[in-house]
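Okay, so here's the structure we're looking at.
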Amino acid sequence: MESAGDLSRRLACDAEAICRQFLPNGRRQGRYWLVGDVQGHRGRSLYVRLTGPRAGSWTDAATGEHGDLLDLIALNRGLSIFEAMAEARAVLRLPLPVSGAVAAAMAPTGSPEACRRLFAASKPLPGTLAERYLAKRGIVLSYPEPALRFHPRCHRREPSGTISLPALIAAVTDDGGHVTGLHRTWLSLAGDKAALDDPRRAMGHLLGNAVRFGPVGAVMAAGEGLETMLSLRQALPLLPAVAALSAAHLAAWTFPVLLRRLYVVCDADAAGEWAFARLSSRSHAAALTVLPLRPRLDDLNSDLMAYGLMALREWIVPQLAEGDITTFLPCG
């Protein structure tokens, strides 16, 4: 069965016909198809290259979104990338594989491949609504965090249908830095979490992996939430950290080979204490030292918002091993 790349190349060979079918309100101008957005509204913001070696590639100048025609079909129809692959096969009149071949060859929705494509279609954080959301949580990034990006129209399935909202995107990676999953925090236009029952969702392969901030080292910190670990990075920006996204995934996080001392950021609840106990138990076989970092309130982000950065740092530093204070405490 054709891969996503194969289908993208086939679609690009007939880019104008694909545009006329999915973006009928657009028009051709020279080597490009011009239209308002991925939904096909009238306008000139989005342009699709129709000829040449980059035929099929598109960019929305208003949002920074970009991709190929397979991505465009997914966004236009509100489909997962694998549903879009089925749509593309129908458009190209390719034979559908038998059900057994589908199960063997097609990854499920939310696979690492789908995560990598969504992350690639997202944009860097600076100047975005996601940056404003973090700033409202007391997190002002004066240094890049490559694991974090922003998507202006991230799809999600609701009982009433598919909706699109801006979202903070966080890449879940393995020890080799390969994207295995994503965490999405949907946002309101005011820069708060969207008014949804569950404004956060994870997808992909999460077990053993995490959102990583900083390089793997002999000393690291691990905790549950993005905001919790980014708050720690505000106080100690030189300390590598990971966010496992839940207590269960924190307890199952795979220790890097180089790791010798792990600080576990414990949320002040039963799940946080359970995760710390599990990591402590596993650390004996791995010859690791595991130490807790405990908040004053329910988590470190609550501490940061309630007391400020300097007070958070003053609270954390006495909990560090003596040698780590000079290593990870920022100068000045």
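Readers should treat all values here as calculations from the given coordinates under stated rules, not as data from a laboratory. For clarity, every value in this text was computed on a predicted model and none was experimentally measured. Every residue, glycine among them, receives a Cβ derived from its backbone with ideal geometry; neighbour counts consider all protein chains shown.
Points worth noting:
- Relative contact order of region 4-106, taken over Cα pairs closer than 8 Å and 6 or more residues apart, is 21 percent.
- With a simple spin-label model that places each label point 7 Å from the Cα along the Cα-to-Cβ direction, the separation between L258 and R27 comes to 5.7 nm.
- Correct choice for Rg and Dmax of the Cα atoms in Å that was computed from the model, options (1) 22.4, 67; (2) 19.7, 58; (3) 18.8, 53: (1)
- For R137, residues with placed amide H under 5 Å, excluding near neighbours: none
- Cut-off under 5 Å, modelled amide H: who pairs with K193 long-range: S188
- Simple spin-label estimate for T162 and D298 in nanometres, 7 Å along Cα-Cβ: 3.4
- Within the listed set L187, L70, L288, the Gaussian network model of the chain (springs between alpha-carbon atoms below 10 Å) gives the highest mean-square fluctuation for L288.
- D6-T59 pseudo-label distance in nm [points 7 Å out on the Cα-to-Cβ vector]: 3.1
- Span-rule helices in the chain, defined as complete DSSP H runs reaching 15 Å or more along the axis (Cα) with Kyte mean at least 1.0: 81-92
- Sparsely packed trypsin sites (Lys or Arg not before Pro) within region 222-294, loop by DSSP, other Cβ within 10 Å at most 15: R260
- Over the chain, relative contact order from alpha-carbon pairs under 8 Å, at least 6 apart, %: 10
- Difference of contour (0.36 nm per residue) and Cα-Cα distance, A248 to A277: 9.3 nm
- Contact order normalised by residue count of region 210-328, Cα under 8 Å, 6+ apart, percent: 26
- Stretch gain in nm, segment L207-R132, where the contour uses 0.36 nm per residue and the Cα spacing is subtracted: 24.0 nm
- Using a Förster distance of 51 Å, the FRET efficiency for A285-A90 (Cβ separation, nearest 0.05): 0.50
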